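The values are calculated or read from the model by the stated rules, or taken from the named source; none is laboratory data. Bear in mind that the values here come from a model prediction, so they are computed numbers and not experimental data. Virtual Cβ from ideal backbone geometry, glycine too; neighbours counted across all protein chains shown. Note: accessible area is taken over every heavy atom of the protein model, side chains too, but ligands, DNA and RNA are not part of it. Shrake-Rupley method; radii C 1.70, N 1.55, O 1.52, S 1.80 Å.
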Amino acid sequence: MSEEAGASTRELTMSRAMVSAIAHEMRENDEVFYMGEDVADYGGIFDSTQGLREEFGYDRVMDVPISETAYLGAAVGAAQVGMRPIAELMFVDFFGVAMDQIYNQMAKNTYMSGGNVPVPMVLTAAVGGTYNDAAQHSQTLYGTFAHIPGLKVVVPSTAYEAKGLMHNAIRDDDPVLYMFHKRLMGIGWLPAPEGPKTPVPETDYTIPFGSADVKRDGEDVTIVTLGLHVHRALDAAETLAGEGISAEVIDLRSLVPLDTETIVDSVQKTGNLVVVDEDYRSYGVTGEIVASVADEALEALDSVERVALPDVPIPYSRPLENEVVPDADDIAAAVKRTQ
């Protein structure tokens, strides 16, 4: 990654990279604060705030009652009067109890006020399965939030992205939904795959929203994905290379705004497109990206495959969950169908 060149770095897990960015922004701006369930003394159940309370105290790292409706509404109000709250939704699955606060207030109040009332807040949310926590704690739901106008939606896949995207999110004057995959955080009880722990510059830096990253160059097929499945796609690409298939892997990094240009440029080179997502297949990210490419470069598309969760509740059973969540073998099989 060219952005790392010349910077003093250290290797961090994704959770530590997130905390590094948040701590920097809290030191620089007294209006930045963090609120959520178990984020103060406990440090977040996915280590998303580990160490922040010790430095900044309870006034700026606040545990809240189990009422997403109340504290997400409070975050919107704080943002509207000039603060920059970061509010954590412990599991994205819980958004339903605060749907009005997210969908109708956080996303739309700037528009409804004629641009007079910005909502500069970050909503962080843990997403994804692969650890047997059943249908109400394992969803990804990228598409649910990317669908609503007014929200920016970002999804880091490595520690490097996690820090840069978080700096950018906190500084943004629009509401940002920052979706982190539990499996990538690097916590002891939920081992991460190889890949998300990366060198991270000690200084602050930003990754612009709407700038996808080509994680692996290839000539035969374009694999577009995000979050955990960047690493599964890279594993698949490595296997495919041994079989003579050259796969290009694109990490979206943000869904809103979406870097359609990078995807289209790649498809015009390879002619084949595989879109991989841990969200549900219907009405989701895979379909949107395929449609976006078709709008821009239909003549370049020789074949298309979508790899996503089937439209079923995510099972508690480990074998059944492994069956429905796409893995590297599923991605490789989809790529082979395009050749």
Taking the range 77-109 and keeping residues part of a helix (DSSP H, G or I), under 25 Å from Glu25 (Cα atoms) and among the aliphatic types (A, V, I, L, M) leaves Ala78, Ala79, Val92, Ile102, Met106
One residue is enough: does the range 252-266 have a residue meeting the conditions hydroxyl-bearing (Ser, Thr, Tyr), under 21 Å from Leu151 (Cα atoms) and in contact with an Asp or Glu (Cβ under 9 Å, 6 or more places away or on another chain)? yes
Hey, among the residues in the range 105-129 that are open to solvent by 10 Å² or more (accessible area, probe 1.4 Å) and of a type in the set (Val, Ile, Thr), which one's farthest from Gln139 (Cα to Cα)? Val117
Per the list (1) open to solvent by 50 Å² or more (accessible area, probe 1.4 Å); (2) in contact with a Leu (Cβ under 8 Å, 6 or more places away or on another chain), residue check on Lys269 breaks on (2)
Odd one out for Val293, checked against (1) crowded, with 20+ Cβ neighbours inside 10 Å; (2) within 24 Å of His181 (Cα to Cα): (2)
Only one of (1) of a type outside the set (Phe, Trp, Tyr); (2) open to solvent by 10 Å² or more (accessible area, probe 1.4 Å); (3) closer than 23 Å to Thr225 by Cβ; (4) touching an Asp or Glu at 6+ places or on another chain (Cβ under 7 Å) does not apply to Ile148, and that is (4)
For the range 43-73, the count of residues that are open to solvent by less than 50 Å² (accessible area, probe 1.4 Å) and either outside any strand (DSSP E or B) or at pLDDT below 95 (or both) equals 18
Can you tell me which residue in the range 302-313 is farthest from the chain's Cα centre (by Cα), limited to those that are surrounded by 18 or more Cβ atoms within 10 Å (Cβ to Cβ) and among the hydrophobic types (A, V, I, L, M, F, W, C)? Val304
Ala126 meets each of (1) assigned to a strand (DSSP E or B); (2) more than 25 Å from Glu31 (Cα to Cα) with one exception, condition (2)
Picked from the range 187-224 (must be among the polar types (S, T, N, Q) and over 18 Å from the mean Cα position of the chain (by Cα)), the residue nearest to Gly43 (Cα to Cα) is Thr203
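Quick grid of which residues meet (1) over 26 Å from Gly287 (Cα atoms); (2) out of contact with any helix residue (DSSP H, G or I) (no Cβ under 6 Å at 6 or more places or on another chain); (3) modelled with pLDDT of 95 or more:
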site: Gly150; (1), (2), (3): no, yes, yes
site: Tyr160; (1), (2), (3): yes, yes, yes
site: Ser211; (1), (2), (3): no, yes, yes
site: Gly227; (1), (2), (3): no, yes, yes
site: Ala233; (1), (2), (3): no, no, yes
site: Gly242; (1), (2), (3): yes, yes, yes
With respect to Glu11, determine if the residue is open to solvent by 40 Å² or more (accessible area, probe 1.4 Å), within 21 Å of Pro196 (Cα to Cα) and touching a residue at least 40 places away in the same chain (Cβ under 8 Å). yes
Considering (1) crowded, with 20+ Cβ neighbours inside 10 Å; (2) under 21 Å from the mean Cα position of the chain (by Cα), say which one Gly287 fails and leave the rest. (1)
Expected single match for among the hydrophobic types (A, V, I, L, M, F, W, C), under 25 Å from Pro313 (Cβ atoms) and touching a His at 6+ places or on another chain (Cβ under 8 Å) among Val290, Val276 is Val276
